[in-house]
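The values are calculated or read from the model by the stated rules, or taken from the named source; none is laboratory data. Bear in mind the structure is a predicted one, so any value in this text is a computation, not a measurement. Cβ: placed from backbone, ideal geometry, glycine included. Neighbour counts: every protein chain shown. When the accessible area is computed, the model is the full protein with side chains, heavy atoms only, and any ligands, DNA or RNA have been set aside. Shrake-Rupley method; radii C 1.70, N 1.55, O 1.52, S 1.80 Å.
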Amino acid sequence: MKKQNLAVDIVDQIVSDGVDRGILHLYTEDEQLVGNTITLRGKTIVNFGSCSYLGLEFDRRLKDAAKAAIDRYGTQFSESRSYVSAGPYRELESLLEQIFEQPCVVASTTSLGHLSCIPVLVAPNDAIVMDQQVHDSVQRACRLATTIGTHLEVVRHNRCDLLERKLEDLCARHPRVWYMADGTYSMYGDTAPMNDIYALLDSRENFHLYIDDSHGMSIAGKHGRGRILDGRAFHRKMVLAASLNKAFAAGGGVLVFPDRESARKVRTCGGPMITSGPMQPSQLGAAIASARIHLSPELEQMQHELRERLEFTRDRIREHGLPLVSAEGAALFFIGVGLPKVGYNIIRRLLERGFYTNLAIFPAVPMRNTGVRFTVTRLHTFEQIAQLVAAIAEELPRALSDEQSSFDEVYRAFHLARPAASAPLPAPASDGVDGIRLTHATSIRAFAASEWDGLFGGHGFDSHGLKLLEESFRNNDREEYNCEFDYIVVRDARGLPIVAGFFTRTRWKDDMLAPAALSALVERERATDPYFLTSRVLSCGSLVTEGPHLYIARSSPLWKVALSRLLEKLSYLSGESRVDTLVFRDFYGEDPELDRVFLDHGFFKFDMPETNVLDLAGISSIAEWHARLSTHAKRNFRVEVRRHRDKFDAEFVTAATGAELRYWYELYENVRRKNLGLNTFALPFRLFEKILLDDRWDKLVLRLRPEFDHLQSNTPVCFVFAYRSAETYVPTLIGLDYRYNAEYKVYKQAVYRTVLRAMELGSKRVLLGFSASTDKRKVGARAVKTYGYMQGKDGFNFDVLRALEVRAKAAPGSREAVVVAEGGTT
């Protein structure tokens with residue numbers, strides 16, 4: 001799995017899908033923008049997506065000032081500020097210091113301001129704690145700070161109780177601990193708990209705050225200094241950043257400091273302050289004009305007019321009973337809709353009604369927490385606001401009905417209490433729509449073996465094998481040794497399966513597919529906290545089985561409906577059993593049509609490690625197999641396999657003592673612990689006991705002959721447990737004594753013996769699994785690109801894992817690289 005590209009891949013999937021649907025990457029078609037309407041696809045649309053909350057971008061004074069600045073200074077002043085700044089910079093910073101009554105430094109953008117400030121003020125021995133939802137631009141600057149050794153952690157969003165617990169540890173170990181937060185968060189519009197944060201600042205001397213109040217700037221506070229400073233003094237241990245590109249209606253950003261020395265140091269040493277281009281004359285001119293308005297009595301009237309509109313909006317939303325996620329006074333609103341497909345549906349409907357709103361979707365919010373995000377500005381009329389809210393109230397039930405969802409699902413997804421006055425629910429999807437019927441069972445015994453094996457027997461997990469897994473993964477003494485099993489079949493009116501699969505609910509390690517070096521760091525913490533960075537997962541298949549776990553009759557015209565029904569059932573099951581993540585895995589090849597279905601239901605696609613499949617169809621002898629090998633593989637077989645073949649005794653055992661089975665289990669643990677690139681919990685010993693008694697499982701044991709056993713261990717050096725299904729041979733478990741592997745190529749010998757056994761049985765294919773692809777290709781296997789789809793309720797563990805990876809790269813091998821996640825598992 002390309003872990004380092006996962007974030008980029010996710011964004012690419014989501015945004016590209018939005019572009020394809022015609023709701024992202026749009027361009028206005030107006031020759032001139034005036035007021036709050038824009039033209040899209042030839043239609044006049046009321047724009048509820050602007051963050052210019054006071055509407056100052058059309059103020060004649062700002063426009064005239066921008067033009068005058070161009071006339072006086074040209075279209076640009078292209079010099080580094082470390083050498084020369086355009087004269088208006090000094091005036092703008094002076095005016096901003098009057099607004100904030102604190103030292104200020106202007107940055108060309110807020111993002112570059114973060115990159116200038118955080119790596120300079122945060123020292124190598126300091127620690128950073130990021131709020132889970134702090135803006136990405138702040139997170140990037142924090143990750144840059146780790147390159148000098150700064151410790152980095154993540155805390156759950158707005159959880160000051162968990163922050164305080166972290167501070168008890170971090171403040172004792174670091175000269176300063178910085179909390180990174182937003183004043184108003186840009187998706188839900190909720191605010192930082194400033195009273196609690198200020199209390200922590202007052203109670204802990206080495207605790208400091210860095211906060212971005214970009215969405216609060218101008219709309220609140222004396223002279224528009226923001227929501228954070230509205231009725232609150234500037235704290236002596238706080239640095240504040242704000243945008244001049246939103247309600248301020250100019251460009252650039254401002255950094256506000258508790259003292260002159262901090263401002264000077266950032267102005268002198270901040271990387272983008274030295275190397276990046278400055279604000280240009282037109283921006284400076286507009287910003288100066290805006291600052292003068294902010295310092296005038298006129299601003300209070302503008303703020304009052306905006307507040308009236310915000311209160312009006314909240315009242316209308318409440319009247320219609322819409323699922324408003326946050327109602328804290330921000331100028332942005334978030335109406336929860338649940339699944340991405342509902343979000344796409346209603347955004348399209350609102351566009352058709354003449355309203356532009358934002359689709360809030362993963363990864364900005366969790367996959368099942370998609371919403372309609374819209375902003376209200378002073379330029380909106382009360383009539384426009386009322387019309388928008390009414391349109392949402394009318395169209396949301398229709399969008400939910402179209403996508404087989406409901407208000408109950410939305411309120412459940414956002415943990416909201418459903419108001420009594422909310423709009424009526426759309427009729428729930430009937431289980432008999434289009435003749436489709438869903439059957440769910442918790443044991444394979446509920447299904448006819450002939451039908452099930454006809455769907456899945458060729459993949460190596462037939463009904464017989466699943467019975468053994470059910471017996472092995474129940475009533476064990478540790479959580480990760482147990483699974484809940486779910487079997488789902490969706491049938492058409494004739495009773496024929498359209499979609500089917502088996503699923504397990506158990507605990508996984510979140511770093512299962514992470515780089516091995518990162519997993520090694522995480523395992524240090526698991527020495528004392530075995531469930532550190534782990535999650536409850538509902539997955540198709542199991543960690544013992546391999547191959548396509550989902551049957552889809554693509555020839556059926558109802559396959560998408562049937563798959564949607566299955567996904568809805570799994571969503572219910574995941575909520576019922578407190579599952580954190582849904583995973584579908586082992587899909588072979590690209591399938592854009594299937595991608596779209598999963599994306600609609602809140603899943604993103606991810607790369608899995610390539611698997612290895614050896615096709616034996618038409619091969620009946622070792623000579624035929626050998627003839628098909630490449631020249632390089634033949635040489636490898638001759639040098640590394642055949643040369644050692646006679647040094648081993650191979651036995652297919654049918655019985656073993658308890659001590660022997662325990663020893664095989666130790667060999668298995670050797671392999672599992674070494675293979676951190678596929679980091680999983682250990683399998684229960686009961687599975688080994690059940691396999692030993694099952695005659696459908698081959699138990700191959702390799703021993704070195706005494707004359708070659710130079711360590712005189714007189715014990716097996718390898719075992720392989722392989723399952724025999726109708727057409728497929730599946731070597732599932734392996735154990736190795738690595739003391740012999742380098743000299744005698746024990747692993748390659750085991751693979752070779754497995755291939756021999758499959759040919760003896762007449763198997764058509766061997767599923768050789770993930771990892772060691774090079775060795776498996778040398779026996780003729782082909783590497784198959786595989787994909788999965790994932791949906792997480794909460795990305796906190798992923799955020800912690802990402803922070804740990806950043807920290808580990810900055811200080812490899814350091815004990816401090818381990819990031820401890822407070823608040824338990826997700």
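Summary of values
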item: Helix 559-576 axis, angle to the chain major axis (alpha carbon atoms, nearest 10°); result: 80 degrees
item: Average accessible area per residue (Å²) across the chain - probe 1.4 Å, nucleic acids and ligands excluded; result: 40 Å²
item: Percent breakdown of C-alpha pair distances by 10 Å bin, ordered from the shortest bin, for region 92-157; result: 21, 42, 29, 9
item: Relative contact order [Cα under 8 Å, 6+ residues apart], the chain, whole percent; result: 14 percent
item: Assigned charges on the beta-carbon of Lys, Arg, Asp, Glu; the chain dipole about Cα centre (debye); result: 1800 debye
item: Selection of trypsin sites (Lys or Arg not before Pro), region 32-79, meeting DSSP coil and at most 16 other Cβ within 10 Å; result: R41
item: Rounded to 5, percent antiparallel among DSSP beta bridges of the chain; result: 75 percent
item: Mean Cβ neighbour count within 10 Å, used as a protection proxy, ranking 728-735, 177-184, 359-366 highest first; result: 177-184, 728-735, 359-366
item: Under-5 Å amide H pairs with V154, H placed in peptide plane, nonlocal only; result: M130
item: Packing-based order for 160-169, 147-156, using average beta carbon neighbours within 10 Å, highest first; result: 147-156, 160-169
item: In sequence order, calculated HN-Hα J values of region 757-763 (Karplus, 6.51, -1.76, 1.60; Hz; x Gly/Pro); result: 5, 4, 5, 4, 7, x, 5
item: Helix 340-353 axis, angle to the chain major axis (alpha carbon atoms, nearest 10°); result: 40 degrees
item: Sorted peptide list for 297-305, 661-669, criterion being average Cβ within 10 angstrom, highest first; result: 661-669, 297-305
item: Sparsely packed trypsin sites (Lys or Arg not before Pro) within region 233-262, loop by DSSP, other Cβ within 10 Å at most 13; result: R236
item: Restricting region 528-636 to GluC sites (Glu not before Pro) in coil, as DSSP defines it, with at most 11 other Cβ within 10 Å; result: E590
item: Separation of alpha-carbon centers, region 309-326 and region 618-642, rounded to whole Å; result: 71 Å
item: With Cα atoms, 0 to 90° folded angle of helix 516-526 axis to the chain main axis; result: 90 degrees
item: Cα centroid of region 669-722 to Cα centroid of region 166-186, whole Å; result: 47 Å
item: Region 247-286 versus region 756-792: alpha-carbon centroid distance in Å; result: 56 Å
item: Using alpha carbons only: equivalent-ellipsoid semi-axes of the chain, gyration tensor based, whole Å; result: 56, 33, 23
item: Sequence of M367, M759 when ordered by accessible area, the most exposed leading, probe 1.4 angstrom; result: M759, M367
item: Percent accessible area from carbon and sulfur atoms, region 706-788, protein chains only, probe 1.4 Å; result: 48 percent
item: V337, V8, reordered so the largest accessible area comes first (probe 1.4 Å); result: V8, V337
item: Residue-by-residue Karplus 3J(HN,Hα) for region 124-134, coefficients 6.51, -1.76, 1.60, Hz, glycine and proline x; result: x, 8, 6, 10, 10, 10, 9, 4, 4, 10, 4
item: Potential extension, N195-Q712 segment - 0.36 nm per residue separation minus Cα distance; result: 179.1 nm
